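Chemist: Before anything else, here's the structure in question.
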Amino acid sequence: MDSLHTKKKIIKVRNLTKKFNEKIILKNINFDLYEGESLAIIGASGSGKSVLLKNIIGLLKPEIGSIKINNVETINLSRSKRENLLLELGITFQHGALFDSLTIWENVIFKIQRIKKLTKIDGQKHALDIIKNLGLGPDILNLYPSEISGGMQKRIAIARAISSDPSILLFDEPTSGLDPVTGSVIDELIVKSVKRLGASAITITHDMASVSRIADKVILIDDQTVSWTGKPNEMLKSNNAKVQQFIKALNPKLFK
């Protein structure tokens with residue numbers, strides 16, 4: 001047995017089905033995220049990847065199924081208990097979702113400020129400690145999101161996600177819209193953040209180069225359900241037609 005699978009199950013999804021009106025978006029989704037594991041979820045645009053993430057964090061509720069985080073059933077969890085559970089999660093959304101009216105340092109400490117009530121000086125120091133690890137400096141602390149580049153905004157979104165040292169990290173299309181060089185930098189930051197925190201991570205992506213860099217395991221969402229699961233280096237060997245569609249244009253060296 002893979003030694004990883006002797007570890008604790010951090011997230012356990014069973015028989016998840018989600019509809020919008022009568023349209024089925026996800027059907028009978030099953031997967032596990034293990035302690036210390038980095039999982040990539042891939043699929044075509046509109047396949048329901050982001051919908052799945054929103055179900056996991058409670059922004060959406062499935063019609064059927066179970067979602068357990070650290071062995072706690074999250075479906076129908078009370079608001080106060082869900083808020084406590086969410087403290088264990090660090091989340092980045094597809095377009096960064098930074099608060100336009102807050103400065104960079106205020107964005108970075110937004111979550112931890114609710115826990116520790118930092119002073120302005122302590123808050124700025126904490127934010128600087130985080131962004132320095134992401135290759136950014138004090139000159140941007142008092143800027144607003146609109147005053148920095150898209151690549152920087154992605155880094156700040158990661159900084160906000162990791163600022164409270166969460167045990168679970170969730171990334172929704174972290175390299176979307178970025179050039180390949182900046183995308184590889186973001187991937188490196190994700191890998192370093194996961195290792196530094198000892199966290200488990202789920203990354204929603206359609207970027208197969210990112211998958212090769214960040215993932216221990218991959219699941220493919222197709223036709224509303226999980227159609228393939230495996231390691232990145234197993235994708236080239238897979239006979240799954242949808243998997244081949246994702247990798248056929250890539251340099252095989254990426255998966256060696």
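The values are calculated or read from the model by the stated rules, or taken from the named source; none is laboratory data. Predicted model only: the values in this text are computed from it and were never measured. As a convention, Cβ positions derive from the backbone with ideal geometry for all residues, glycine included, and neighbour counts pool all protein chains shown. Remember, those area values only see protein heavy atoms, side chains included, never the ligands or the DNA or RNA. Shrake-Rupley method; radii C 1.70, N 1.55, O 1.52, S 1.80 Å.
Chemist: Could you tell me which of the residues 118, 141, 136, 87 is under 25 Å from residue 58 (Cβ atoms) and not acidic (Asp, Glu)? It would help to see each step written out before you state the result.
Modeler: Details: 118 fails: under 25 Å from residue 58 (Cβ atoms); 141 fails: under 25 Å from residue 58 (Cβ atoms); 136 fails: under 25 Å from residue 58 (Cβ atoms).
Criteria check complete, one pass: 87.
Chemist: Residue check, residue 21 against (1) in contact (Cβ under 8 Å) with a residue 24 or more places away in the chain; (2) surrounded by fewer than 20 Cβ atoms within 10 Å (Cβ to Cβ); (3) of a type outside the set (A, V, I, L, M, F, W, C), all met but one. Which one?
Modeler: Residue 21 satisfies every listed condition except (1).
Chemist: Of (1) under 27 Å from residue 175 (Cβ atoms); (2) out of contact with any Phe, Trp or Tyr (no Cβ under 6 Å at 6 or more places or on another chain), residue 107 satisfies all except one. Which?
Modeler: Tallying (1) under 27 Å from residue 175 (Cβ atoms); (2) out of contact with any Phe, Trp or Tyr (no Cβ under 6 Å at 6 or more places or on another chain), residue 107 fails exactly one: (2).
Chemist: Which residues, taken from the range 72-96, are open to solvent by 50 Å² or more (accessible area, probe 1.4 Å), out of contact with any Leu (no Cβ under 7 Å at 6 or more places or on another chain) and not polar (S, T, N, Q)?
Modeler: 73, 79, 81, 83, 86, 87, 88, 93, 95
Chemist: When you scan the range 144-180, how many residues do you find that are farther than 21 Å from residue 195 by Cβ, of a type outside the set (Gly, Ala, Ser) and either in a helix (DSSP H, G or I) or modelled with pLDDT of 90 or more (or both)? Quick ask: steps written out before the conclusion?
Modeler: From the range 144-180, those farther than 21 Å from residue 195 by Cβ are 144-153, 173, 176-180; that's our starting set.
Retained after the next criterion (residues that are of a type outside the set (Gly, Ala, Ser)): 144-145, 147-148, 152-153, 173, 178-180.
Within this subset, residues satisfying the condition of being either in a helix (DSSP H, G or I) or modelled with pLDDT of 90 or more (or both) are 144-145, 147-148, 152-153, 180.
Final tally of qualifying residues: 7.
Chemist: Counting only residues that are out of contact with any Gly (no Cβ under 9 Å at 6 or more places or on another chain) and at positive phi, how many does the range 96-147 have?
Modeler: 3
Chemist: Kindly establish whether residue 44 is under 15 Å from residue 221 (Cα atoms), out of contact with any Lys or Arg (no Cβ under 6 Å at 6 or more places or on another chain) and either in contact (Cβ under 8 Å) with a residue 60 or more places away in the chain or crowded, with 20+ Cβ neighbours inside 10 Å (or both). Before the answer, list the steps.
Modeler: Numbers: under 15 Å from residue 221 (Cα atoms): yes; out of contact with any Lys or Arg (no Cβ under 6 Å at 6 or more places or on another chain): yes; either in contact (Cβ under 8 Å) with a residue 60 or more places away in the chain or crowded, with 20+ Cβ neighbours inside 10 Å (or both): yes.
Yes, satisfied.
Chemist: Please list, ordered by residue number, the strands (runs of 3 or more DSSP E) wholly in the range 184-242 having 2 or more residues that are of a type in the set (Ser, Thr, Tyr) and either in contact with a helix residue (DSSP H, G or I) (Cβ under 9 Å, 6 or more places away or on another chain) or open to solvent by less than 10 Å² (accessible area, probe 1.4 Å) (or both).
Modeler: Values: elements: 200-204, 217-222, 225-230.
Ranges flagged: 200-204.
Chemist: Would you check if there is a residue in the range 59-71 being surrounded by 19 or more Cβ atoms within 10 Å (Cβ to Cβ) and under 21 Å from residue 150 (Cβ atoms)?
Modeler: Within the range 59-71, not a single residue is surrounded by 19 or more Cβ atoms within 10 Å (Cβ to Cβ) and under 21 Å from residue 150 (Cβ atoms).
Chemist: Looking at (1) out of contact with any Phe, Trp or Tyr (no Cβ under 8 Å at 6 or more places or on another chain); (2) buried (at least 17 other Cβ atoms within 10 Å of the Cβ); (3) closer than 30 Å to residue 47 by Cβ, can you tell me which one residue 161 breaks?
Modeler: (1)
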